[in-house]
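The values are calculated or read from the model by the stated rules, or taken from the named source; none is laboratory data. The shown structure was predicted, so the numbers you read here are calculated from the model rather than taken from an experiment. Note that each Cβ is placed from the backbone with ideal geometry, even for glycine, and that neighbours are counted across all protein chains shown. Side chains are part of the model used for accessible areas, which takes the heavy atoms of the whole protein and leaves out ligands, DNA and RNA. Shrake-Rupley method; radii C 1.70, N 1.55, O 1.52, S 1.80 Å.
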Amino acid sequence: MKKKSGFSIVEVMVAISIAVMFFLAIYEMILFSNKITANSLRRVEAVNFAQEGVEAIRTIRDNSWSTNLAGVVNDTNYYLAILGGKWTISQTTAPLLNNIFTRTIKFYGVNRDVDGNISVSGTADSKTKKVVSTVSWTERGQSYNVSLETYITNFLSN
């Protein structure tokens, strides 16, 4: 009797199954990589919008502390807009940035200790405010946010 050489149907099915599992694993890795890349890009964009918020508040401060910032209510959401070529703040909700992001600005009072350092307790400093610029967005049903904080002072005495 002569032996026939070649592959049996079982061997072919096993080889095809292994190949399919390999390509599915590669496909899943590509999808995961794309998701991570998209999330990273969104986060970078959000950080840039938050930084823009901080810079806009500095510009508003430089234009006039007493007119623009002295009367802000602490721990209240403010939104940025450009009116007449200048940054302004208001409590009116601003449109989404790039149809995705919401940026809020909050102000907080600042206390100084006897040495003049910022502290949790001490004397209230009416010429300094803590500013928190937060950018939030929702992607694939999950909420994300990025916050940057800084202190601003009325160093121009305006």
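Some notes on this structure:
- Conditions (1) at pLDDT below 95; (2) surrounded by 11 or more Cβ atoms within 10 Å (Cβ to Cβ); (3) not hydroxyl-bearing (Ser, Thr, Tyr); number of the one not met by Arg58: (1)
- Residues in the stretch 114-124 that are hydrophobic (A, V, I, L, M, F, W, C), within 29 Å of the chain's Cα centre (by Cα) and either part of a strand (DSSP E or B) or closer than 19 Å to Gly71 by Cα (or both): Ile118 only.
- Verdict on Ile36 being closer than 23 Å to Val146 by Cβ, modelled with pLDDT under 95 and either part of a helix (DSSP H, G or I) or open to solvent by 60 Å² or more (accessible area, probe 1.4 Å) (or both): yes
- Residue among Asn68, Asn74, Asn99 that is surrounded by 13 or more Cβ atoms within 10 Å (Cβ to Cβ), among the polar types (S, T, N, Q) and out of contact with any Cys (no Cβ under 8 Å at 6 or more places or on another chain): Asn68
- Matching entry among Ala124, Ala94 (being open to solvent by less than 40 Å² (accessible area, probe 1.4 Å) and small (Gly, Ala, Ser)): Ala94
- The residues of the stretch 31-65 that are within 9 Å of the chain's Cα centre (by Cα) and among the hydrophobic types (A, V, I, L, M, F, W, C), listed by number, are Val44, Ala46, Val47, Phe49, Ala50.
- Exactly one residue among Asn158, Asn145 is touching a residue at least 60 places away in the same chain (Cβ under 8 Å), surrounded by 10 or more Cβ atoms within 10 Å (Cβ to Cβ) and not in a strand (DSSP E or B), and that residue is Asn158.
- Cross-chain or 6+ apart pairs with Cβ under 6 Å, the stretch 80-102 first and within 19 Å of Glu55 (Cβ to Cβ), then of a type outside the set (Val, Ile, Thr) and in a loop (DSSP other than H, G, I, E, B): Ala81/Ala94
- Any hit, the stretch 1-24, residues being exposed (fewer than 12 other Cβ atoms within 10 Å of the Cβ), touching a residue at least 24 places away in the same chain (Cβ under 8 Å) and assigned to a loop (DSSP other than H, G, I, E, B): no
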